[in-house]
1. Quick check on SER313: is it open to solvent by 20 Å² or more (accessible area, probe 1.4 Å) and among the hydroxyl-bearing types (Ser, Thr, Tyr)?
2. Only one of LEU361, LEU337 is open to solvent by 60 Å² or more (accessible area, probe 1.4 Å), within 13 Å of ALA207 (Cα to Cα), touching a residue at least 40 places away in the same chain (Cβ under 8 Å) and touching a helix residue (DSSP H, G or I) at 6+ places or on another chain (Cβ under 9 Å). Can you tell me which?
3. Yes or no: region 317-328 includes at least one residue that is in contact with a Phe, Trp or Tyr (Cβ under 6 Å, 6 or more places away or on another chain) and closer than 19 Å to TYR137 by Cβ.
4. Write out, first by first residue and then by second, each pair whose Cβ atoms fall under 7 Å of each other, whose residues are 6+ apart or on separate chains, and whose first residue, in region 230-244, is over 9 Å from ALA150 (Cα atoms) while the second is part of a loop (DSSP other than H, G, I, E, B).
5. Among the aromatic types (Phe, Trp, Tyr) and either open to solvent by 30 Å² or more (accessible area, probe 1.4 Å) or under 19 Å from MET174 (Cβ atoms) (or both) - does that describe any residue in region 12-24?
6. Determine which single condition VAL271 fails, assuming it passes every other condition in (1) closer than 15 Å to VAL219 by Cα; (2) in contact with an Asp or Glu (Cβ under 8 Å, 6 or more places away or on another chain); (3) among the β-branched types (Val, Ile, Thr).
7. Hey, THR331 hits all of (1) buried (at least 21 other Cβ atoms within 10 Å of the Cβ); (2) over 26 Å from PRO262 (Cα atoms) but one; which does it fall short on?
Amino acid sequence: MSRNGRLVFVAKTARTFCYGFLGVLFPVYLAEHGMDARQIGVAVTLTLLASAGMTFAIRRPAERYGARAALLGQTGLIVVSAVVFLATQQPWLVVIAAMAGNLAVGTGETGPFLTLEQVAVTRATPRERLTTTLSLYNLAGYGASALGAAAVGRAGASPRILFFVFLLGGLVQMAAYALMRPDPGRAPVIRRSAGTPSRPLIHRLAALFALDSLAGGFVLQSLIAYWFYTRFGMDLTALGWTFFGAQILSGLSLLLAARLAPRLGLVNTMVFSHLVSNVLLIGIALAPSAGLAVALLLSRHLLSQMDVPTRQSFLMLAVQDHERESAASLTNMSRTLAQSVSPALTGWVMASVSLAAPFFLGGGLKIVYDLLLYRTIRHLET
């Protein structure tokens with residue numbers, strides 16, 4: 001892997017460490033400053049909508065000026081976001097800062113950084129090692145996020161410490177991107193002449209990934225953390241260690257994906273592991289105790305992310321090189337945009353119907369996605 005690929009790993013680690021503790025802290029912090037379930041759902045939705053907008057907007061600058069310049073500009077917003085976190089405790093200003101900083105509120109990352117970094121990693125890696133490298137790329141994120149979640153238990157009494165760490169993480173990320181070798185932008189006329197033969201496939205995959213993310217929006221990490229906080233009275237320390245374990249197991253699932261994909265194929269690995277994990281997701285809602293609910297959550301995370309590197313690898317190999325920014329941008333934007341619809345509805349469902357209802361909605365829709373995805377791509381070769 002080239003120097004740019006290694007620097008992307010550094011930036012990914014710094015960013016997701018911060019996302020790990022902010023994803024747990026964010027809903028509890030807003031709740032402690034006067035927001036109810038509906039308002040927290042709206043806040044998470046706004047954060048995701050902002051991420052979708054930035055994912056759409058970053059494609060053209062990246063194609064024209066190169067990924068390095070686009071990533072540096074995006075990281076500047078993280079620094080601004082961290083400064084606002086440190087400067088105010090007004091909840092809606094904190095939400096606006098989270099929107100600007102592309103705050104990740106789920107166990108996995110979506111948005112503009114993932115869009116550009118997965119393309120950079122693909123171009124820095126030999127084809128035969130792509131799934132393994134993308135597994136390690138995601139593993140770096142989940143491992144760092146796990147440590148970040150554990151940090152909540154250490155510094156939960158002082159959110160300002162964590163906000164300051166977020167600022168430092170943004171500066172480390174900016175330094176890593178600054179050290180990348182600039183990649184030349186490409187003129188629009190070249191892109192037009194090359195054509196987009198994979199566009200129909202990209203559009204079908206974007207629609208399916210949107211369905212998966214719509215379902216995932218019902219069970220984002222921040223909303224699951226709020227569910228444990230409300231349903232079982234778990235404090236920040238318990239929540240932090242719970243999601244530390246979840247992220248560690250998510251990382252192990254990435255290594256399992258890298259081992260199984262060469263034997264089972266990308267499609268079988270991504271679909272069937274995801275299907276079983278969604279059955280476990282529904283089981284969490286039925287758990288009568290915090291211990292059993294946590295055990296089911298951890299079991300789910302051992303399987304739930306096996307589809308991530310296989311899905312990314314499949315997408316990058318299924319399209320031509322000049323289509324990769326477009327494919328990554330469209331599929332990630334569709335995922336984030338669809339995911340943004342669910343949290344506001346989840347807040348209403350939790351408050352008006354049942355705390356457990358989002359698990360049934362999310363798990364059921366995800367099972368439908370798995371079946372449709374298998375039907376769509378089982379005969380495609382990469």
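The values are calculated or read from the model by the stated rules, or taken from the named source; none is laboratory data. Owing to the predicted nature of the structure, the values given are computational and were not obtained by experimental measurement. In this analysis, Cβ positions are derived from the backbone assuming ideal geometry, glycine residues included, and neighbour counts consider all displayed protein chains. For accessibility, only protein heavy atoms count, side chains too; no ligands or nucleic acids. Shrake-Rupley method; radii C 1.70, N 1.55, O 1.52, S 1.80 Å.
1. Values: open to solvent by 20 Å² or more (accessible area, probe 1.4 Å): no; among the hydroxyl-bearing types (Ser, Thr, Tyr): yes.
Considered against the rule, which asks whether it is open to solvent by 20 Å² or more (accessible area, probe 1.4 Å) and among the hydroxyl-bearing types (Ser, Thr, Tyr), SER313 comes out as no.
2. Working: LEU361 fails: within 13 Å of ALA207 (Cα to Cα).
Only one candidate passes the filter, namely LEU337.
3. Of region 317-328, the ones in contact with a Phe, Trp or Tyr (Cβ under 6 Å, 6 or more places away or on another chain) are none.
Checked region 317-328: no residue is in contact with a Phe, Trp or Tyr (Cβ under 6 Å, 6 or more places away or on another chain) and closer than 19 Å to TYR137 by Cβ.
4. THR230/LEU355; ARG231/LEU355; LEU236/GLY156
5. The first filter runs over region 12-24 and keeps only residues among the aromatic types (Phe, Trp, Tyr), leaving 17, 19, 21.
Subsequent filtering for residues that are either open to solvent by 30 Å² or more (accessible area, probe 1.4 Å) or under 19 Å from MET174 (Cβ atoms) (or both) retains 17, 19.
Yes; the residues of region 12-24 include at least one that is among the aromatic types (Phe, Trp, Tyr) and either open to solvent by 30 Å² or more (accessible area, probe 1.4 Å) or under 19 Å from MET174 (Cβ atoms) (or both).
6. (1)
7. Exception for THR331: condition (2).
Residue-by-condition table, conditions (1) touching a strand residue (DSSP E or B) at 6+ places or on another chain (Cβ under 8 Å); (2) hydroxyl-bearing (Ser, Thr, Tyr); (3) without any contact (Cβ under 8 Å) to a residue 60 or more places away in the chain; (4) within 30 Å of THR133 (Cα to Cα):
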| site | (1), (2), (3), (4) |
| --- | --- |
| PHE9 | no, no, no, yes |
| THR13 | no, yes, no, yes |
| TYR19 | no, yes, no, yes |
| VAL24 | no, no, no, yes |
| PRO27 | no, no, no, no |
| LEU30 | no, no, no, no |
| ILE40 | no, no, no, no |
| THR45 | no, yes, no, no |
